[in-house]
1. Residues with amide H under 5 Å of Val34's amide H, sequence separation 5 or more or different chain, H placed in the peptide plane at 1.01 Å from N; which?
2. Given labels modelled 7 Å from the Cα in the Cβ direction, how far is it in nm from Asp180 to Arg60?
3. For the chain, what is the charge dipole size about the Cα centre, in debye to the nearest 20, if Lys and Arg each add +1 at the Cβ and Asp and Glu each add -1 at the Cβ?
4. Full extension from Arg130 to Gln234: what is 0.36 nm times the residue separation minus their Cα-Cα distance, to one decimal in nm?
5. Which length gain, in nm to one decimal place, applies between Thr105 and Ala144 when the Cα-Cα distance is subtracted from 0.36 nm times their residue separation?
6. Taking every pair of alpha-carbon atoms in the chain, give the share separated by more than 33 Å as a whole percent.
7. If each DSSP helix of 4+ residues adds -39,500 (n - 2.57) and the sum is divided by the residues in the chain, what number results at 222 nm, nearest 500 deg cm²/dmol?
8. Starting from the Cα of Glu83, step 7 Å toward the Cβ, then list every residue of segment 152-174 with an amide N under 20 Å from that point.
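Laboratory data are not the source of any read-out in this text; all were calculated from the coordinates shown. Since the model is a prediction, treat every value here as computed from it, not as a measurement. Cβ atoms come from the backbone with ideal geometry, glycine included; neighbour counts cover every protein chain shown.
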Amino acid sequence: MPDLPAVAIERLSKSFNGIEVLRDVDLTVNRGEVVSILGSSGSGKSTLLRCINWLEQPDRGAIRIGGQRIGVDDNGRRMPARELAALRAKTGMVFQSFNLWPHLTVLHNVTEAPIHVKGVAKKEAVRTARELLDKVGMAHKMEAYPYTLSGGQKQRVAIARALAMSPEVILFDEPTSALDPELVGEVLGVMKDLSAEGYTMVVVTHEMEFARAVSDQVVFLDKGIIIERAAPEQFFTAPETERVRKFLELKQ
Ligand SMILES: Nc1ncnc2c1ncn2[C@@H]1O[C@H](COP(=O)(O)OP(=O)(O)OP(=O)(O)O)[C@@H](O)[C@H]1O
Ligand SMILES: [Mg+2]
């Protein structure tokens with residue numbers, strides 16, 4: 001089904017304690033596309049990403065991953081746990097805070113889910129992990145524990161770990177925000193490589209240059225509503241709203 005979008009979100013709404021943090025969000029991410037989600041703190045960016053892989057359950061609306069609706073079916077019936085887990089595994093998530101398992105080596109961080117969640121044979125999981133760690137420039141640290149790594153190195157391992165599940169889309173939530181400035185570039189470099197290889201990515205970021213260079217689509221969330229969406233050139237050179245103009249001015 002090559003023409004189905006990797007992610008299709010229709011009229012997604014979500015409230016916390018009676019406060020609506022996402023309202024009627026529509027978003028289509030085609031295969032091979034990079035979509036950047038911008039917006040100020042509290043605008044709903046993380047909640048949107050978390051809804052895509054069902055870490056949060058939306059109140060209304062539908063989310064389809066590769067055409068398959070996640071969480072509930074069109075009649076509102078809950079998806080069986082196994083099916084939900086399989087569909088969730090089609091999305092990989094990379095967090096600001098890395099979330100590596102501290103008691104596992106780099107290699108084991110990457111092989112853990114393929115072996116224990118997907119049932120991949122150990123030998124094959126190790127082979128894939130080596131390739132992926134090589135791709136992110138971390139093959140030399142396979143036996144190291146996370147606490148011995150720099151933030152940039154941890155994040156590159158976290159990216160390899162997400163890739164190890166062969167996700168159809170990778171969701172990045174501010175992957176460089178916790179890093180020292182000199183380490184940001186190495187992680188953005190890996191992400192650029194992934195986009196060039198055709199990975200489908202949804203990226204919440206404050207790195208404007210990156211968003212401009214790599215995205216196919218830029219989306220701006222303001223108080224839970226998408227108020228602009230455009231190709232990067234247009235978004236960055238000719239924003240339509242005063243809100244986005246102000247946001248971009250502050251980022252310069
Ligand atoms: N589990 C939760 N319970 C209650 N409120 C929540 C929860 N998660 C998020 N919120 C609220 O929803 C709103 C949107 O939060 P979200 O984390 O999606 O924003 P964000 O755009 O990712 O912000 P930031 O740039 O600071 O990460 C905020 O007001 C936040 O306080
Ligand atoms: Mg956030």
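1. Sorted by chain and number, the residues that satisfy this are Met201, Asp216, Gln217.
2. My value for the distance between the label points is 4.9 nm.
3. Details: 32 positive and 33 negative charges, 162 e Å.
The calculation lands at about 780 debye.
4. 33.5 nm
5. Stretched out fully, the Thr105 to Ala144 stretch lengthens by 13.5 nm.
6. 19
7. It lands at -11000 deg cm²/dmol.
8. Counting backbone N atoms under 20 Å from the label point, the list is 168.
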